[in-house]
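The structure appears right after this line, and notes come after that.
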Amino acid sequence: MARRRPVIHLILPRADVNGLHHVLAHRFVPLQLMTVGALCRREGWDARIIDENYDPLPDERPDLVGITVWTMFAPRAFRIADRYRAAGVPVVLGGVHASLVPGEALRHADAVVVGEAETVMGRVLADTEAGCLRGIYRGEWDDISRAPTIDEMGEFYDRFPTWRYWPQYSIQSTRGCRFNCDYCSVIRINGRGQRHRDPNQVVAEVARRMERTKLTAGLFFTDDDFGSDLEYTYELLGALADARLKVKWTAQLSIGIARHEELLALARRAGCAVLFLGLESMTRDSLVEANKKNRPNEYAELVGRIHEAGIATEGAFIFGFDHDDRSVFERTVEFADELGIDLALFNVLTPAPGTATFARYWDEGRIVDFDWSHYTGYQAVFEPANMSRAELEGGLRRAYRDFYSRGRRLRRFRRHLRQLAPDMAVVLAGINWSFAREFKSIRRQPEPPYSPPLIELERLAAASRVEANRAIWFAADQADGLFETAPSRATPVVIDQSRRTGVKGFREKA
């Protein structure tokens with residue numbers, strides 16, 4: 001008799017707040033769960049991915065539940081985990097927040113994966129089958145040639161409704177980032193510097209997927225620092241251009257890439273449609289404060305070069321630096337519009353767990369809200385230097401309203417018709433409208449209040465102070481004995497969701 005294949009449910013908790021996941025052409029596939037799912041399939045397990053933004057938690061009882069934990073939905077992730085454990089289903093947590101605050105996560109799970117899954121997922125599954133799953137699993141930074149390919153994720157792509165996600169596909173050619181921005185957790189999770197995949201393999205995977213599905217809805221490179229290794233980027237873009245794939249793609253990178261006009265031209269020939277630029281601020285003082293290397297006096301020339309290459313731009317800006325005053329919102333909107341930024345993302349500075357910004361604001365006593373569900377990028381959880389929290393949040397709303405006003409959007413569309421292909425101009429008009437609709441008002445998470453244990457906040461502050469490449473390992477060392485004293489079964493909690501969800505037999509109160 002054939003052995004029954006064990007089943008793991010991989011869950012992305014929903015986020016009922018404003019965000020890119022509600023904006024046209026910004027609804028990205030849950031690549032992190034697809035990666036873990038492919039690793040599980042290698043080990044003989046069946047994996048089911050549940051994106052709670054679209055699907056309810058199923059009644060099916062799995063052999064194991066894996067939940068990715070981002071800070072803004074950490075409380076919900078913990079409640080889901082508690083619920084499954086109360087029903088006797090083992091739970092493993094992973095992701096950015098769980099890696100940086102593993103002691104907190106371990107209070108709600110049988111195991112926590114700190115770091116990347118490729119080197120440890122096989123052991124997690126083996127321990128599950130042996131009935132000895134517990135504690136911290138350290139996922140080392142390894143050669144990413146071991147990472148699952150887009151071919152291995154094909155079954156998950158095939159299960160998704162066709163137009164649920166746009167871009168339709170995501171792929172990662174590198175991991176890590178060369179920069180050391182104080183507010184960013186990327187280098188603490190993936191390390192400083194970069195690890196590369198074979199560029200020809202990356203292109204071949206995209207080509208095979210296009211052959212299978214006639215890919216038309218776009219591709220997103222999830223690399224956090226696309227283009228930083230110029231030699232590698234030339235090789236990757238050359239392979240893409242030579243393949244003549246009919247696919248438009250986008251990537252996130254430093255604006256410094258625009259200093260290399262030949263590279264921009266090659267990117268356009270390779271199918272690049274939009275570049276996401278972390279501009280962050282219009283003032284050099286704020287960028288220095290954040291340990292950011294950008295120079296705003298170069299922005300206009302560099303954005304112009306990107307447009308000359310026929311590529312659109314999306315610029316990200318952060319409000320709330322100590323050098324920002326009440327005038328920063330209006331000035332930034334005017335600055336972005338004068339630059340010719342085609343799409344803009346505005347956020348409130350957020351002291352993300354594990355970052356130098358968190359450590360500094362903790363030490364200064366300026367963080368006033370530790371309810372992780374408020375760490376969305378749209379709520380002020382610290383005391384700004386030159387305005388109140390309410391003024392910071394109100395300024396963010398005005399910035400969205402002003403940048404995406406009907407008049408500005410119309411002028412932008414006319415400019416796009418002159419600068420870009422007509423079909424791209426129409427797409428950008430649709431995305432501008434979608435941004436305007438999504439950020440017409442700012443929604444807060446409809447979650448019950450949450451407060452982390454004080455000991456976990458103290459450990460987090462300590463981990464946030466250490467050098468970036470050591471942060472998650474320092475955090476893991478602090479938490480490594482916690483499972484010995486944590487309860488073996490979490491206290492059942494009510495999942496506040498009106499529709500029927502979850503483990504069969506679990507009665508959910510209204």
| Listed highest first by mean packing, meaning other Cβ atoms within 10 Å per residue, what order do 126-132, 53-59, 341-347, 85-91 come in? | 341-347, 85-91, 53-59, 126-132
| query | In square nanometres, what is one fourth of the surface area of the convex hull spanned by the alpha carbons of the chain? | reply | 22.9 nm²
| So how far, in whole Å, is the C-alpha centre of region 72-95 from the one of region 347-386? | 25 Å
| task | Just name one of G227, P353, L12: the one whose Cα is farthest towards the positive end of the charge dipole of the chain (beta-carbon charges, Lys/Arg +1, Asp/Glu -1). | result | L12
| said: With +1 assigned to the C-beta of every Lys and Arg and -1 to the C-beta of every Asp and Glu, and no other charges, what is the dipole magnitude of region 1-103 about the Cα centre in debye, to the nearest 20? | reply: 240 debye
| message | Given a Förster distance of 25 Å, report the FRET efficiency between T162 and R192 from their Cβ-Cβ distance, rounded to the nearest 0.05. | response | 0.05
| request: For K293, go through the aspartates and glutamates and keep the ones whose alpha-carbon is under 13 Å away, minus same-chain ones fewer than eight residues off. | output: D182, E280, D285
| query | Okay, helix-only estimate at 222 nm for the chain: each DSSP H run of n ≥ 4 adds -39500 (n - 2.57), divide by all residues, round to 500 deg cm²/dmol; what do you get? | reply | -11500 deg cm²/dmol
| request: With only Lys, Arg, Asp and Glu charged, each at its Cβ (+1 for the first two, -1 for the last two), find how big the charge dipole of region 108-176 is about the Cα centre; round to the nearest 20 debye. | output: 240 debye
| message | What is the distance in Å between the Cα centroid of region 189-253 and that of region 1-23? | response | 25 Å
| query | So what does log10 I(q)/I(0) come out to for region 218-263 at q = 0.24, 0.33 Å⁻¹, using the Debye formula with one equal point on every Cα and no solvent? | reply | -1.01, -1.32
| So, in nm, how far is label E211 from label E301 when the simple model puts each one 7 Å beyond its Cα toward the Cβ? | 4.5 nm
| remark: A student applying the Cα gyration tensor rule (rounded when a/c is under 1.5; otherwise prolate if a/b is larger than b/c, oblate if not) would label region 107-262 oblate
| What FRET efficiency, computed as 1/(1 + (r/R0)^6) with R0 = 60 Å and r the Cβ-Cβ distance, is obtained for K293 and R5, rounded to the nearest 0.05? | 0.75
| Where labels lie 7 Å past Cα in the beta-carbon direction, separation of D151 and L24 in nm | 3.7 nm
| Can you give the angle from 0 to 90° between the axis of helix 74-86 and the longest principal axis of the chain, with both taken from C-alpha atoms, to the nearest 10? | 20 degrees
| Direction-averaged shadow area of the convex hull around the Cα atoms of region 120-173, nm²? | 5.6 nm²
| Dipole size in debye (nearest 20) for the chain around its Cα centre, Lys and Arg Cβ +1, Asp and Glu Cβ -1? | 1700 debye
| field | Rg ratio (alpha-carbon, reference 2.2 N^0.38 Å) - region 289-345 | value | 1.19
| Residue-normalised accessible area of the chain, expressed per residue, 1.4 Å probe, Å² | 41 Å²
| task | Could you state the angle between the C-alpha long axis of helix 406-419 and the longest principal axis of the C-alpha atoms of the chain, as a value from 0 to 90 degrees rounded to the nearest 10? | result | 70 degrees
| task | With everything on Cα atoms, drop me the angle between helix 328-339 and the longest principal axis of the chain, reported from 0 to 90° to the nearest 10. | result | 60 degrees
| message | List the chymotrypsin sites (Phe, Trp or Tyr not before Pro) within region 160-244 that DSSP assigns to loop and that have no more than 12 neighbouring Cβ atoms inside 10 Å. | response | W163
| task | Have a look at Y137, W163, F179 and report the one farthest towards the positive end of the charge dipole of region 135-190, computed about the Cα centre with Cβ charges (Lys/Arg +1, Asp/Glu -1). | result | F179
| request: Could you check how much of the accessible area of the chain is carbon and sulfur, as a whole percent, using a 1.4 Å probe? | output: 50 percent
| request: Please name whichever of F319, L287, G271 sits farthest to the positive end of the charge dipole of region 271-335, dipole taken about the Cα centre and charges placed at Cβ: Lys and Arg +1, Asp and Glu -1. | output: G271
| task | Could you list the square roots of 5 times each eigenvalue of the Cα gyration tensor of region 413-462, that is, the equivalent ellipsoid semi-axes, sorted largest first and rounded to whole Å? | result | 44, 16, 7
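The values are calculated or read from the model by the stated rules, or taken from the named source; none is laboratory data. Here the structure is a predicted model, which means the values were calculated and not measured. Cβ coordinates were reconstructed from backbone atoms using ideal geometry, including for glycine residues, and neighbour counts include every protein chain displayed. Please note that ligands, DNA and RNA were not included when accessible areas were found on the heavy atoms of the full protein model with its side chains. Shrake-Rupley method; radii C 1.70, N 1.55, O 1.52, S 1.80 Å.
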